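First the structure, in the form of structure tokens, and then the observations on it.
The values are calculated or read from the model by the stated rules, or taken from the named source; none is laboratory data. Here the structure is a predicted model, which means the values were calculated and not measured. Please note: Cβ atoms are built from the backbone with ideal geometry, for glycine as well, and neighbour counts cover all protein chains shown. Each accessible area value is taken on the protein alone, full model and side chains, heavy atoms only, with ligands, DNA and RNA left out. Shrake-Rupley method; radii C 1.70, N 1.55, O 1.52, S 1.80 Å.
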Amino acid sequence: TTGKVTLDYGFGNTANCESNITYIDGGNGILRYRGYPIEELARESTFIEVCYLLIYGELPDAPSLERFTHVIKRNRLLPEDFIAFFGAFPSNGHPMSVLQAGVAGLATYYEDTLNPLDPDQLDAATFQLLGKLPTMVSMIAKRAEGLPTLYPDSSRDLTEDFIRMTFGLPYQSYDIDPAMVRALDTLFILHADHEQNCSTSTVRFVGSSHANLYASVASAIGALSGPLHGGANEAVLRMLIQMRDTDMTVKQFVEKVKNKEEGIKLMGFGHRVYKSYDPRAAIVKESAHEVLSRLGKADKLLDLATELEEVALSDDYFISRNLYPNVDFYTGLIYRAMGFRMKMFTPLFAIGRLPGWIAQYREMIKDPATKIARPRQVYIGETERHYTSLRSRG
Ligand code: SDX
């Protein structure tokens, strides 16, 4: 009741957890995976290579990358009875709810990969998830459209084949645009990890009880679905569409935000850590203009978003509160230009974030100092009192 309370979240240390995976300097807008600047990885690397880097700590040499790529390809197919279970969800259910249930359900199909203290089982669960999540997301997207799903084609790389499974149709050739593959691969890299954000802390919390990797990742998907977290990319598009469809000017909308009318927020702005421009947002903004012009899809909503950013960043309300665009502000515009429905935006975030969740779970489970997460509380309720009979309570 006096002095500063230090909350022990049970990661073997106090409120902040130690990790050697991702470094963020929120004041200067710096993000590095295993020491490599996000700008270099987004420009030079591939998503599969970044998965390897986050999980094993080093960039792979050619043989290691080939083996890693091959073992993930071998795990991309979904078992037929899993397809029956996964396909039984309502096709109009929110994709994040279906994905969360599906990932948790994977544990019932792979009983011999559940023990996180067995390195071989933990590797097996790692590859099952890395291989199957994109296949599951493409299946959800197809079922939402009432269209037939496609099986993975292991001759193709992960991101390219995810696009084919999501937009291609059986017995019809589908020309995959290399620019679209590159843009989506870069977006997956940008989302791959972000130290102790809400969903990653959830993975660590749940995993600290030695719950299996599927259960921990399913919990993280639940956390990511919230509109204050990964659900923001979908919320940004809904905000822009509402402005467009109600002919609301940017200045009118900004005034509503500043007056906090009905708790309205400028979605895609603000961050718990970045009190400057999110370095990922800068890369996504540049890519948005490139992708939209490449796909020949000029979008009034991009102009609206750009104007909204300009007006907000010249307004002291936002500057004084360190509110800048975050990774979610422009990503939805690219996904939309690629042809994804809004409800698919956050599952796309989940595909990108999966290697980060896995890397952080593996780091936590292998750390001998890790204890089960058990936050302490400061009790501010009633002091002791005694039971009274119903009759005496009037
Ligand atoms: C992600 O943690 C991560 O790393 C997350 C993430 C990742 O990669 O995992 O980066 C991904 O989740 C990005 C964030 C996506 N969410 C949104 O875009 C939703 C909109 N943003 C806000 O809800 C908010 O900015 C948060 C939740 C992201 C951060 O909130 P903070 O830092 O806790 O800020 P706060 O709630 O303490 O607010 C401080 C002030 C308040 O005003 P006052 O009370 O001082 O008057 O800023 C205001 C807030 O009302 N404010 C906003 C605002 N965000 C904060 N006002 C308008 N619009 C906003 N978006």
**Item:** Top-ranked residue in region 24-41 [being of a type in the set (Val, Ile, Thr) and open to solvent by less than 40 Å² (accessible area, probe 1.4 Å); ranked as nearest to LYS285 (Cα to Cα)]
**Value:** ILE38
**Item:** Any hit, region 238-258, residues being open to solvent by less than 60 Å² (accessible area, probe 1.4 Å), within 16 Å of the ligand (Cβ to nearest atom), under 15 Å from the mean Cα position of the chain (by Cα) and not hydrophobic (A, V, I, L, M, F, W, C)
**Value:** no
**Complete:** Inside region 310-344, the number of residues satisfying the requirement of being touching a residue at least 60 places away in the same chain (Cβ under 8 Å), more than 12 Å from the ligand (Cβ to nearest atom) and of a type in the set (A, V, I, L, M, F, W, C) is 7
**Request:** Give GLN128, GLN121 a once-over and let me know the one that is open to solvent by 10 Å² or more (accessible area, probe 1.4 Å) and farther than 24 Å from GLU49 by Cβ.
**Result:** GLN121
**Request:** Scan the helices (runs of 4 or more DSSP H) fully inside region 281-394 and keep the ones with 3 or more residues being surrounded by 13 or more Cβ atoms within 10 Å (Cβ to Cβ).
**Result:** 300-312, 328-338, 345-366
